[in-house]
1. Right, Ala428: assigned to a strand (DSSP E or B), surrounded by fewer than 21 Cβ atoms within 10 Å (Cβ to Cβ), among the small types (Gly, Ala, Ser) and free of Cβ contacts under 8 Å to residues at least 60 places away in the same chain or not?
2. Identify the single condition in (1) surrounded by fewer than 18 Cβ atoms within 10 Å (Cβ to Cβ); (2) within 20 Å of Pro528 (Cβ to Cβ); (3) of a type in the set (A, V, I, L, M, F, W, C) that Val451 does not satisfy, given that it satisfies every other one.
3. Would you mind finding the one in Thr230, Thr245, Thr222, Thr302 that is surrounded by fewer than 17 Cβ atoms within 10 Å (Cβ to Cβ), modelled with pLDDT of 70 or more and β-branched (Val, Ile, Thr)?
4. Let me confirm something: among Arg153, Arg174, Arg117, which residue is assigned to a helix (DSSP H, G or I), in contact with a His (Cβ under 7 Å, 6 or more places away or on another chain) and in contact (Cβ under 8 Å) with a residue 24 or more places away in the chain?
5. Of Leu108, Leu66, which residue is of a type in the set (A, V, I, L, M, F, W, C), in a helix (DSSP H, G or I), touching a residue at least 60 places away in the same chain (Cβ under 8 Å) and out of contact with any Ser or Thr (no Cβ under 6 Å at 6 or more places or on another chain)?
6. Kindly check whether there is at least one residue in the range 480-488 that is farther than 26 Å from Leu417 by Cβ, within 33 Å of the chain's Cα centre (by Cα), of a type in the set (Gly, Ala, Ser) and crowded, with 21+ Cβ neighbours inside 10 Å.
7. When the range 366-381 is examined, which residues are found to be touching a helix residue (DSSP H, G or I) at 6+ places or on another chain (Cβ under 9 Å) and not polar (S, T, N, Q)?
8. Tell me which residues, restricted to the range 413-457, are among the small types (Gly, Ala, Ser) and either in contact with a Cys (Cβ under 7 Å, 6 or more places away or on another chain) or farther than 14 Å from Ala376 by Cα (or both).
Amino acid sequence: MSDAETGSIKASTAETGPIEAARAFLAGIAVDGRARSILSRFAHEWLLPRWRQIMLSLTIGVALALATSGYPMIIRQSFDSIGRGRMEPLPWILTGIIAVTTFRGLFLFLHQITANRFIFRLGTDLQTHAFRHLIGADYARFAREGTGHMVSRLTNDIGVVQAACQASLNTLLRDAMTVVGLVGTMVYLDPLLSMIVLGVFPIAILPIVMISRRLRRVSKETQHQVGEMTAALTEKLAGARLIKTFRLEDYATKKLSENFEQIFKLRMKAVRARARLGPMLEACAGLAIAGVIWLATWRISTGISSTGDFMAFVTALLMAASSLRSVGNFSSGVQDGIAALERLYTLFDDKPSVVDRLNAKPLAVALGNIDFEGVAFAYETRGDLPAISDFTLHIPGGKTAAFVGRSGAGKSTIINLVPRLFDVSSGAILIDRQDLRDVTLESLRNAVSIVSQDVTLFDDTIRANIALGKLAATHDEIVAAAKAAAAHDFIMAQPQGYDTVIGDSGMRLSGGQRQRLALARAILKDAPILLLDEATSALDTESERLVQGALARFTRNRTTLVIAHRLSTVQKADIICVMDNGLIVETGGHAELLARDGVYARLCRAQLLIEAESPSTALN
């Protein structure tokens with residue numbers, strides 16, 4: 001905090017009294033320009049549309065405050081009656097106590113129900129909105145930001161925002177109203193004593209503001225570390241087989257414990273900062289109560305006030321102090337919420353670059369010709385190092401093009417560019433002479449199916465996983481696709497057949513079974529362009545023979561791009577494109593390239609030699 005800001009708050013406290021000091025406190029809770037902008041935006045986008053729910057909570061909070069404010073008045077009447085030896089008002093006093101407690105309990109119940117309904121609905125809508133942004137983001141984001149960080153945004157960050165909003169409802173719409181009501185009662189009972197109390201509490205405002213600012217910095221760093229921990233935890237759990245096989249349990253535990261320890265230290269920083277608020281407020285309360293007792297004793301002894309007035313005032317003061325403590329601690333929750341909102345809005349404000357151009361038209365696939373014209377591409381994570389350079393290739397419609405080369409040659413990049421998972425850095429990709437950037441993403445991706453070596457399956461039934469290729473598919477269509485992918489027999493051998501749940505990532509199936517389900521999904525989609533990224537790499541010899549037969553039928557009259565390391569797959573392609581360091585070094589048919597005795601011929605001879613020793617070895 002700057003000297004100017006500190007001086008301003010001191011001046012507010014010393015010169016203009018408690019109202020201006022409170023205003024300075026509320027300004028200091030929060031809020032530099034960035035935080036003020038975020039809070040304003042959040043209120044406009046997420047709170048104002050729910051104003052009816054907020055007003056309902058506010059109304060219940062006011063009713064609760066009024067009921068609570070009745071306690072001191074009952075205490076006053078009780079002590080005055082006892083002091084005078086009068087028993088006549090006792091029934092009315094007892095009735096008043098029952099009425100106040102009943103109404104207060106009812107309003108507490110209603111406030112809890114309405115507030116939690118509001119908070120849970122807000123959190124649910126935020127999670128849906130955040131997930132929509134994540135899943136709609138550029139594919140590059142998934143390569144740039146780990147899964148754990150994304151999960152943390154949807155769970156931890158939104159949970160913190162929910163907690164801050166809940167604290168706001170409970171504090172601003174319940175505790176603050178209760179304080180206002182009790183302070184009003186105190187002023188009614190004894191204006192002079194009330195002025196003493198109200199003059200003491202602004203002393204705590206400056207340190208509260210300073211602590212709040214520190215809490216926000218710590219909270220922001222904590223949430224970042226929670227994202228790091230979630231990413232590390234996801235990574236280690238996904239690699240459980242490797243960890244166990246290589247006996248890395250101690251190593252993995254040590255690495256994660258470092259993350260846990262860092263979060264522990266940050267959370268203890270926040271705890272120490274928050275812990276300072278309690279003693280400050282207690283000290284202020286002690287000063288206020290001491291001043292009240294000193295002055296009240298003198299006023300009672302002189303007959304200005306009664307014992308009932310004093311007891312009622314002290315009751316109101318103690319009840320107000322409890323609610324005021326919640327208001328004082330409220331600032332720490334706000335700082336957590338602001339830090340979480342900052343992280344969420346970096347997600348909401350991240351606009352995808354791979355989007356439909358203005359006036360984009362649906363892709364019209366007639367022949368299925370694919371042309372790469374001087375294509376170049378570089379991944380963000382690799383800086384200026386190109387993955388593809390000056391790539392030019394014509395693939396006639398209905399033909400199969402195979403891409404071979406060593407790892408890192410750029411084969412997978414070519415496959416990723418066709419459905420516009422990334423946009424080319426320069427050059428153009430055309431389907432039937434239509435630039436992919438000039439057609440709608442929906443029509444382009446409807447025209448493309450992909451089967452990858454990294455099979456993606458969900459924890460759902462076999463039927464549901466195949467039907468992802470065509471959500472409205474009938475049972476007969478799903479079965480036909482499974483048969484075409486040589487998957488029907490093993491599916492029927494499962495406990496519930498097509499209704500068998502296959503577990504997270506299909507873990508209850510073998511690698512070959514998972515890959516055949518992915519192929520069945522692509523067959524069901526029946527798109528005119530097929531992308532195969534080592535689609536048969538996990539199959540045994542018999543399954544590969546069956547799938548190759550299915551692919552031969554499925555790829556007929558369908559433009560197919562294949563990344564395949566097995567010579568048996570490559571040599572059947574119409575065009576073979578040999579790549580190295582993002583460049584095309586050779587193109588042609590199998591026999592033609594062998595006759596040239598170049599790079600492809602050397603790769604083939606190397607694989608034939610290796611396959612003589614290990615038939616499962618791939619061409620690379």
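The values are calculated or read from the model by the stated rules, or taken from the named source; none is laboratory data. In this text, all values refer to a predicted model and were calculated from it rather than measured experimentally. Virtual Cβ from ideal backbone geometry, glycine too; neighbours counted across all protein chains shown.
1. yes
2. (1) is the only condition that Val451 fails.
3. Values: Thr230 fails: surrounded by fewer than 17 Cβ atoms within 10 Å (Cβ to Cβ); Thr245 fails: modelled with pLDDT of 70 or more; Thr222 fails: surrounded by fewer than 17 Cβ atoms within 10 Å (Cβ to Cβ).
None of the others qualify; the one that does is Thr302.
4. Arg174
5. When all the criteria are applied, what remains is Leu66.
6. No, the conditions are met nowhere in the range 480-488.
7. First pass over the range 366-381, keeping only residues touching a helix residue (DSSP H, G or I) at 6+ places or on another chain (Cβ under 9 Å): 372, 375, 377, 379-381.
If the condition is that a residue be touching a helix residue (DSSP H, G or I) at 6+ places or on another chain (Cβ under 9 Å) and not polar (S, T, N, Q), then Phe372, Val375, Phe377, Tyr379, Glu380 are the ones that fit.
8. Here is the first cut: in the range 413-457, the ones among the small types (Gly, Ala, Ser) are 425-428, 443, 447, 449, 452.
Correct list: Ser443, Ala447, Ser449, Ser452.
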